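Take a look at the structure set out below.
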């Protein structure tokens, strides 16, 4: 469900021009000039954006198939982060892992993705499926209810304490220096997040484009009733979509914990909003749009923090959301709604 | 002219009417406030004190530390056989610090209306103290904060007058800031200091105070700000020049400082030392070796401190320790007031007893007595600690 190649190209060209103007200003005219600083912020933004992109995919997939804004998705991501932390603690913690680090990290991802995936299935089964034929406001309210339910459940069960992954202790403080020791630095952890997110996104695209399930998913997204008449079970397809989207959210939670360390029961709130923003900016319902939106939100946030101030980063990110909505309501790669006359 | 005169007379008459109406409307409120303060309460075997703290919301981590310490005191008090006829019940109110001070006001109003409630621990934030003062005063309740450190809270005019009602068991920012600045300039000889506040009143007050002193002494400073909910510090770290010797982070969330320290190390800037405030005094949580921290010199040898640390898996959560002392002061004041009133007391009597507090020793590491302003009579100097490789805090100044 993306815009035509011509529309997408036009949007991307406009975006490219804007980015070019920004780069020239940031590097040559801003008070904090220079390529190194700019590139450092860009690398940091890509790492953050990769995580937002994974969250955005969950929003976008569910919206694409159900036209539902699943506001509980940010909290599924939070629970994924907690599951990953649980696995880390179970195997001795970051300083004394009982099993090889690579295996431990793999376990964290697999268990968190499965846990979040099944949570997504449960949410869909009990909170959304009964409301499938209800007015659109009903599942939206239900989604908000699930979000608060999950947050407060974690607060009650695990307490309000922050938990630190200490991901750098677990993996490494080292990384790659680009352009010498005073140049741009990318930690191995950052590289892992970028590569991991990329692999998951490629996997998702492959799933949607080249598998039977992907075809069914696209069919249900296009016309649920017609798909059902063709022998597709929409409930099954929707459930699996929730599973996949939630699993990606769980993976994003673990990545967030590893890189940014601290997690607590409200960690999904703002990240969820940013993921949602990314999905909307990219064009909600569009998988490439969610990826592009995630990267953009991460980059803008990083640049805003670096060139302006931490105080205004969220202002800029959400300001851009408003701007995109005003100029192109369907997002950068989204399809404008068709009007039947 | 005649019309103007008529209008003026009409306006004056209206003003008088309005004033009379307001006066009569306020009179019952004042009478009610007065009656709440002096209403007789039967003490019984279980006395009630309230605790206003951020139990949920962005600052819930520190709020729950405070609650755990206060509950720890109440548990110890109630477990003592000598107190079997004067047990304490702690009623909690969630102020959600960092979301909206309206929550703190609602808690204060509910405490005010609870006729059994005799005194209050909290609230946690200075802005919450300012917002909820009128409710506590209207209810005649004494309230003791274990973490509201804004200097002007007790000066009697800048942020309102709450003398006789508000007390604190934590030294204020005016005492902590100079200690930190002195150590930076005189002992560490720092010439370039980066300062990052966490956008909360506590943090901004301390950051402003330290920056002002450092600038007056010719130290180059740069200022930035991050949110208390931030986890990604990469952009803030990228801005810090490697030539800076120290970063002052007067924050309240030790896990945030830990994450910041790790990201600083990962960015190859581990040579720049971190300097925190009492809000970060959390051995085992903030454990970036070589970092500095200012905190009140609590007594680690005190059996209560040892018992708490043991009960919480080695994590002292010392930010909440002044709330233990606040609960202790409230409890002792209620007990004395009940004894003096032969089983009956009033909120006003409890407030008088709070002012008369005289703890020869406390978990804070110094005696606790109060001035009329609500501040402690201090030798309460702040200590400077350094984080060791094993994560412990060693006092060095």
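Observations
- Any hit, segment B:315-327, residues being surrounded by fewer than 18 Cβ atoms within 10 Å (Cβ to Cβ) and either modelled with pLDDT of 90 or more or in a loop (DSSP other than H, G, I, E, B) (or both): yes
- Hits in segment A:167-220 (condition: within 12 Å of another protein chain (Cβ to nearest Cβ), within 20 Å of residue A:81 (Cα to Cα) and either at pLDDT below 90 or in contact with a helix residue (DSSP H, G or I) (Cβ under 8 Å, 6 or more places away or on another chain) (or both)): A:167, A:168, A:169, A:170, A:171, A:172, A:189, A:190, A:193
- Being free of Cβ contacts under 8 Å to residues at least 12 places away in the same chain and within 17 Å of the chain's Cα centre (by Cα) is true of residue B:100.
- Scanning segment B:195-216 for residues that are surrounded by 21 or more Cβ atoms within 10 Å (Cβ to Cβ) and not in a helix (DSSP H, G or I) turns up B:195, B:196, B:197, B:198, B:200.
- Condition met for residue A:85 (within 14 Å of chain B (Cβ to nearest Cβ) and either under 30 Å from residue B:262 (Cβ atoms) or in contact (Cβ under 8 Å) with a residue 60 or more places away in the chain (or both)): yes
- Qualifying residue in segment B:252-263 (condition: assigned to a loop (DSSP other than H, G, I, E, B), more than 11 Å from every other protein chain (Cβ to nearest Cβ) and either farther than 22 Å from residue A:308 by Cα or touching a helix residue (DSSP H, G or I) at 6+ places or on another chain (Cβ under 7 Å) (or both)): yes
- Any hit, segment B:152-172, residues being within 14 Å of chain A (Cβ to nearest Cβ) and either under 29 Å from residue B:372 (Cβ atoms) or in contact with a helix residue (DSSP H, G or I) (Cβ under 7 Å, 6 or more places away or on another chain) (or both): no
- The listed residues are A:95, A:131, A:140, and the only one of them that is surrounded by fewer than 24 Cβ atoms within 10 Å (Cβ to Cβ), on the phi < 0 side of the Ramachandran plot and free of Cβ contacts under 8 Å to residues at least 40 places away in the same chain turns out to be A:131.
- Matching residues in segment B:343-369 - criterion: being surrounded by fewer than 20 Cβ atoms within 10 Å (Cβ to Cβ) and in contact with a helix residue (DSSP H, G or I) (Cβ under 6 Å, 6 or more places away or on another chain): B:346, B:348
- Odd one out for residue B:237, checked against (1) facing another protein chain (nearest Cβ under 9 Å); (2) part of a loop (DSSP other than H, G, I, E, B); (3) touching a residue at least 12 places away in the same chain (Cβ under 8 Å): (2)
- Selection from segment B:33-61 of residues that are modelled with pLDDT of 90 or more, assigned to a loop (DSSP other than H, G, I, E, B) and buried (at least 18 other Cβ atoms within 10 Å of the Cβ): B:43, B:54, B:55
- Filter result for residue B:148 (in a loop (DSSP other than H, G, I, E, B), crowded, with 17+ Cβ neighbours inside 10 Å, within 14 Å of another protein chain (Cβ to nearest Cβ) and in contact with a helix residue (DSSP H, G or I) (Cβ under 9 Å, 6 or more places away or on another chain)): no
- Total residues in segment B:269-286, condition under 26 Å from residue B:169 (Cα atoms) and assigned to a loop (DSSP other than H, G, I, E, B): 7
- Among the residues listed as B:78, B:64, the single one being within 30 Å of residue B:311 (Cβ to Cβ) and surrounded by fewer than 19 Cβ atoms within 10 Å (Cβ to Cβ): B:78
- Residue list for segment B:337-396, restricted to those being part of a helix (DSSP H, G or I) and under 18 Å from the mean Cα position of the chain (by Cα): B:354, B:355
- Complete set of residues in segment B:194-215 that are within 23 Å of residue B:242 (Cα to Cα) and more than 14 Å from chain A (Cβ to nearest Cβ): B:208, B:210, B:211, B:212, B:213, B:214, B:215
The values are calculated or read from the model by the stated rules, or taken from the named source; none is laboratory data. Just so it is clear, the model here is predicted, and its values are computed rather than measured. Because the Cβ atoms are built from the backbone with ideal geometry, glycine has one as well, and the counts that use them run over all protein chains shown.
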